[in-house]
Amino acid sequence: MSQTKKTSFLRSPMGMASAVVVGLILLLAIVAPPLWGTQAATANPANLLQPPSPEHPLGTDGLGRDLLLRTLVATRTTVGMALIATACGAAAGLLLGALPSVMGARAQRWFSAVINTWLAFPVLLLAMLIVILMGTGTVTAVVALALTMTPSFARLAQTLSSKVGGSEYLAAARLLGVSKGRQFTHYVLPNIAEPVIVNVTMSIGGGLLALSSLSFLGVGVQPPEYDWGRMLSEGFEKVFSTPTAVVGPAVMVVLSGVSFGMLGESLASYLRERTRGRALSAAKLGPAPATETVELVDVPDDVLLDVRGLSVSFPGSAGWVRPVQDVSFTLRRGEIVGVVGESGSGKSVTMMSVAQLAPAGAAVTAQRLSFDGRELAGLGEKVAAHAIGTDIGIVFQDSLTALNPALRVGTQLAEVPRVHQGASRAQAHQAAVDALDSVRIPNAAHRATLFPHEFSGGMRQRALIAMSQIGKPKLIIADEPTTALDVTVQQRVLAMLRKECEDSGAAALVVSHDIAVLAELCQRILVMYAGRIVEDVDVRLLAQPEKLAHPYTRALAASLPDLETDRTKPLATIPGEPPDLSKPVVGCGFAARCAFATDRCRTETPTLREHPHGGLVACFNPQDGSHPGPNAQYDDAGSPLSDSQDRKAVA
């Protein structure tokens with residue numbers, strides 16, 4: 001993996017070019033003074049103000065010194081000053097911004113006040129103050145630049161360390177008695193290092209420009225020392241008679257500043273790719289895998305949503321990855337259907353794709369995606385979303401991130417009637433208050449003026465339900481609406497969702513990994529595993545596990561304890577792990593964990609078929625008495641043959 005990451009960075013054109021240029025600049029800073037330092041500093045009265053020539057490519061200055069050599073030798077002073085100033089500014093900023101995270105709330109408030117005041121102080125005034133106090137010179141320039149860089153590094157470190165300061169692992173370190181110094185060096189700094197390093201690299205380029213500006217203005221490097229800024233200042237006096245006097249230092253300032261900045265950007269891009277994994281572009285991968293052909297039938301009038309052969313693919317490092325494969329189901333008007341499965345089974349991706357909210361980069365294909373009589377498959381994302389309008393309401397999983405923290409809750413709810421219904425500001429606000437009141441949020445008029453962080457978790461979740469209902473949708477998709485809620489609040493949210501569907505006649509798809517939650521709310525359950533629906537079953541059968549057909553559904557039901565569960569025995573679990581969907585799954589995805597799997601299960605993928613329990617199941621060996629037996633023969637469609645047909649097949 002490490003080799004792959006290194007190769008990906010070196011193959012980046014911008015990363016490679018910037019790394020090469022920065023490497024050459026650093027090499028010049030090391031070797032140029034010993035090689036040409038004496039020659040560049042020695043005056044030669046015979047060559048005063050010479051124009052460019054083979055001996056002097058950029059000409060000479062007023063003392064006969066070669067301008068090209070002086071430019072190369074000045075690399076050490078200029079780059080060295082920038083590196084020292086940036087390092088000092090970064091070190092001071094880290095101490096000022098990150099150290100308070102292990103020192104307590106009072107220290108954080110004091111240091112935050114210092115940072116805010118420092119940032120508010122004009123940079124130019126700060127530089128002038130330092131010049132007045134210390135006088136002009138190289139040290140003054142470095143100190144001035146370091147002090148102007150410190151508050152920006154401090155604010156970055158403060159922002160990054162605030163997340164670490166509230167982490168559980170740092171709290172555990174405090175509980176164990178780890179010293180504050182060790183907390184800072186072993187817990188805080190390693191977790192903020194990557195963005196700080198990227199920022200330091202980019203700041204070096206800005207530091208070069210700033211130091212050159214100070215020397216150009218005469219408050220930086222003083223004669224007989226020189227850097228690129230000092231050379232620009234000296235050459236600017238005779239730029240019209242000898243324009244080449246400013247070419248060398250000007251090119252080096254621009255080239256160095258741009259190169260360090262590009263290196264920082266490339267490093268940031270590399271770190272982002274390393275975090276999320278490298279994926280090929282859709283253009284290189286070609287079209288997404290085609291959806292398998294399924295039999296299409298007419299959609300009955302009472303069916304609100306009809307999905308056939310829905311697949312969702314994402315670009316991966318070795319090709320398309322399909323976490324959702326050939327999903328088919330129907331949803332009738334007013335029906336509440338649950339979608340259950342382990343994490344990573346494709347529940348949320350499937351439902352968000354139905355709502356035209358598939359994640360960025362996803363390729364969604366389907367033979368049919370019919371909603372309320374309108375075909376959405378094949379339409380562009382924007383066209384399909386416009387066709388849906390407010391007919392689909394979404395209740396997202398994380399209420400705190402689903403609500404905009406910068407807007408009041410009432411303002412966010414009012415956007416729907418204002419944008420989609422043309423309501424006035426007063427009408428939209430009243431609609432938002434009524435919506436909050438309908439989900440039993442007390443004092444709704446006042447609560448509408450509050451921000452999301454001022455709501456409790458249960459109230460935020462109810463506000464999301466109100467937001468999903470304010471547009472009078474025909475379908476509500478709730479993506480794990482009770483996650484992180486306690487049992488009492490969970491019951492209230494479920495009852496609220498059920499009531500809203502009953503009052504408005506809307507249908508609902510409720511996603512959860514908790515089968516007990518769905519058993520209380522839904523009429524049907526769609527069980528997903530490895531990106532496919534493996535069983536579509538009436539929720540009442542969960543109380544009769546012996547009638548459940550798919551081994552995975554049975555295992556989920558068995559893992560749910562009740563009042564009659566023997567507490568002396570361990571809870572039922574499902575051995576093994578779900579398959580890795582980044583690789584093609586051959587056969588039944590559950591075969592590796594199933595005690596009833598046969599060779600056919602490992603080589604052939606079962607499809608959904610009607611079952612005696614009234615639903616659908618995708619299993620060759622259903623465990624409810626309808627299993628045809630391990631020696632059964634099958635026709636070309638995959639259906640088991642009768643005994644007489646078996647004998648003919650054997651003959």
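General observations
- Of the residues 442, 473, 452, the single one that is modelled with pLDDT of 85 or more and in contact with a Pro (Cβ under 6 Å, 6 or more places away or on another chain) is 452.
- Condition met for residue 254 (over 12 Å from residue 78 (Cβ atoms), among the aliphatic types (A, V, I, L, M) and not in a loop (DSSP other than H, G, I, E, B)): yes
- The residues of the stretch 570-621 that are within 15 Å of residue 553 (Cα to Cα) and polar (S, T, N, Q), listed by number, are 573, 621.
- Residues satisfying the stated conditions in the stretch 227-247, i.e. under 21 Å from residue 53 (Cβ atoms) and crowded, with 24+ Cβ neighbours inside 10 Å: 231, 245
- Residue 373, sole failed condition from (1) loosely packed, with under 14 Cβ neighbours inside 10 Å; (2) out of contact with any Pro (no Cβ under 6 Å at 6 or more places or on another chain); (3) free of Cβ contacts under 8 Å to residues at least 60 places away in the same chain: (3)
- Selection from the stretch 186-226 of residues that are part of a helix (DSSP H, G or I), hydroxyl-bearing (Ser, Thr, Tyr) and buried (at least 23 other Cβ atoms within 10 Å of the Cβ): 203, 212, 215
- Search result, residues across the stretch 463-490 that are assigned to a helix (DSSP H, G or I) and either surrounded by 23 or more Cβ atoms within 10 Å (Cβ to Cβ) or without any contact (Cβ under 8 Å) to a residue 24 or more places away in the chain (or both): 463, 464, 465, 466, 467, 468, 469, 487, 488
- Candidates 109, 155, filtered to the one that is of a type in the set (Lys, Arg), over 30 Å from residue 75 (Cα atoms) and in contact (Cβ under 8 Å) with a residue 40 or more places away in the chain: 155
- Residues within the stretch 53-74 that are assigned to a loop (DSSP other than H, G, I, E, B) and buried (at least 16 other Cβ atoms within 10 Å of the Cβ), tallied: 6
- One residue stands out among those in the stretch 438-462 that are part of a loop (DSSP other than H, G, I, E, B) and hydroxyl-bearing (Ser, Thr, Tyr): the one that is farthest from residue 482 (Cα to Cα), which is 449.
- Scanning the stretch 509-522 for residues being acidic (Asp, Glu) and either crowded, with 20+ Cβ neighbours inside 10 Å or in a loop (DSSP other than H, G, I, E, B) (or both) gives a total of 1.
- Those residues of the stretch 346-361 which are more than 18 Å from residue 512 (Cα to Cα) and touching a Pro at 6+ places or on another chain (Cβ under 9 Å), in sequence order: 361
- Selection of the stretch 344-389 for residues being among the basic types (Lys, Arg) and at pLDDT below 80 yields only 382.
- Some residue of the stretch 523-538 being over 29 Å from the mean Cα position of the chain (by Cα), under 20 Å from residue 621 (Cα atoms) and either among the aromatic types (Phe, Trp, Tyr) or surrounded by fewer than 21 Cβ atoms within 10 Å (Cβ to Cβ) (or both): yes
- Evaluating residue 546 against the criteria (1) assigned to a helix (DSSP H, G or I); (2) of a type outside the set (S, T, N, Q); (3) surrounded by 12 or more Cβ atoms within 10 Å (Cβ to Cβ) leaves one unmet condition, (3).
- Test: residue in the stretch 354-369 that is surrounded by 21 or more Cβ atoms within 10 Å (Cβ to Cβ) and either without any contact (Cβ under 8 Å) to a residue 24 or more places away in the chain or touching a Phe, Trp or Tyr at 6+ places or on another chain (Cβ under 9 Å) (or both): yes
The values are calculated or read from the model by the stated rules, or taken from the named source; none is laboratory data. Note that the coordinates shown come from a computational prediction; the quantities given were computed from them, not determined experimentally. Reconstructed Cβ throughout: ideal geometry from the backbone, glycine too, with neighbour counts over all protein chains shown.
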